[in-house]
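Written below as structure tokens is the structure these notes are about.
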Amino acid sequence: MYSKKDQRFNLLAPGGNYLCSWDHDKKPKFHELVLHNLPSMPREQQQRLDSNCREDHWVESPSGESFLVKWFSEYTPEGCKVPMVMVFREEDTKDGRKNMHYTDDIGDMCIFISKSEDFCVKASSCRGLNPNSIFLNGRLFVSLNMSKFSCRLYEYPEDTPYTIPYSPYWLPPFSSY
């Protein structure tokens, strides 16, 4: 992801514990991501999360705020279950360490995650978007409203052919100006 705020390219390292970034001179920097305010959860739920598939995503809002999104997916013989998402907001950076604080409130933002570059838009700038929501397009096509703690799973209509083309991408908004 290219950060307009930092004017650097950012890439999460495998495991989601480090962020690598390059400037225009191609000089890499490595930042440790330190997670704070983790939500308390029962041991069984924590063990279940640890056994799930996880994807880590780095997203920057139009105002320059940075978020780390951890997307957990559980697979069963019946298919993929409803995902769980944890969001961490970057609070500050000291000595190469980015302090990331857990949040369930991203304000008037919507985060879009797919197999293309993830992005963030202001919900108030697009009619029909609910603020504080995350849209996932990959193994599942899901919208998560973090304010209402609700999830909507979108499925193909019943008569849709099994071989319908699959497009796991969100197209970011753009302007012709």
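Dipole size in debye (nearest 20) for the chain around its Cα centre, Lys and Arg Cβ +1, Asp and Glu Cβ -1? Before the final figure, lay out each step's value.
Values: 21 positive and 24 negative charges, 53 e Å.
The calculation lands at about 260 debye.
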- Query: Can you list the aspartates and glutamates whose alpha carbon sits under 15 Å from that of LYS5, skipping same-chain ones fewer than 8 residues off?
  - Reply: ASP23, GLU60, GLU65, GLU90, GLU91, ASP92
- Charge-dipole axis of the chain as Lys and Arg at +1 and Asp and Glu at -1 on Cβ define it, positive-most pick from PRO62, PRO131, ILE111: PRO62
- Message: Using all alpha carbons of the stretch 1-82, what is the percent of pairwise distances in each 10 Å bin, ordered from the shortest bin to the longest?
- Response: 15, 39, 27, 16, 3
- Message: For PHE9, project a label point 7 Å along Cα to C-beta. Then give me every residue of the stretch 101-125 with its amide nitrogen under 17 Å of that point.
- Response: 116-118
- Picking from SER66, SER40, SER150, which is most flexible by a Gaussian network model of the chain using Cα springs under 10 Å? SER40
- Tell me, which longest segment in the chain has none of the GluC sites (Glu not before Pro) that fall in DSSP loops with at most 12 further Cβ atoms within 10 Å? 1-77
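Between TYR2 and LEU38, what is 0.36 nm times their sequence separation minus the Cα-Cα distance? Round to one decimal in nm. Could the numbers behind the result be given before it?
On the way: separation 36, 0.36 × 36 = 12.96 nm, distance 2.71 nm.
Here the answer is 10.2 nm.
So how much slack lies between TYR169 and GLU65, counting 0.36 nm per residue of separation and subtracting their Cα-Cα distance, in nm? Working shown, then result.
On the way: separation 104, 0.36 × 104 = 37.44 nm, distance 2.25 nm.
Full-extension gain reported as 35.2 nm.
Solvent-accessible area per residue for the chain at a 1.4 Å probe radius, Å²? Show your work: numbers first, answer last.
Values: 11370 Å² over 177 residues.
Here the per-residue accessible area is 64 Å².
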- Message: Which one, LEU140, LEU68, LEU129, has the greatest fluctuation when you compute a Gaussian network model over the chain with C-alpha springs under 10 angstrom?
- Response: LEU129
- Message: Tell me the carbon and sulfur percent of the accessible area for the stretch 1-134, rounded to whole percent, probe radius 1.4 Å.
- Response: 48
- Task: Would you look at the GNM of the chain, springs on alpha carbons closer than 10 Å, and say which of PRO77, PRO131, PRO28 moves the most?
- Result: PRO77
- Message: Quick check of the Kirkwood formula: for the chain, what is the inverse mean of 1/r over all pairs of different Cα atoms, in Å?
- Response: 17.6
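The values are calculated or read from the model by the stated rules, or taken from the named source; none is laboratory data. Keep in mind it's a predicted model, so treat the numbers as computed, not measured. In this analysis, Cβ positions are derived from the backbone assuming ideal geometry, glycine residues included, and neighbour counts consider all displayed protein chains. Areas reflect the complete protein model, heavy atoms only, side chains present, ligands, DNA and RNA absent. Shrake-Rupley method; radii C 1.70, N 1.55, O 1.52, S 1.80 Å.
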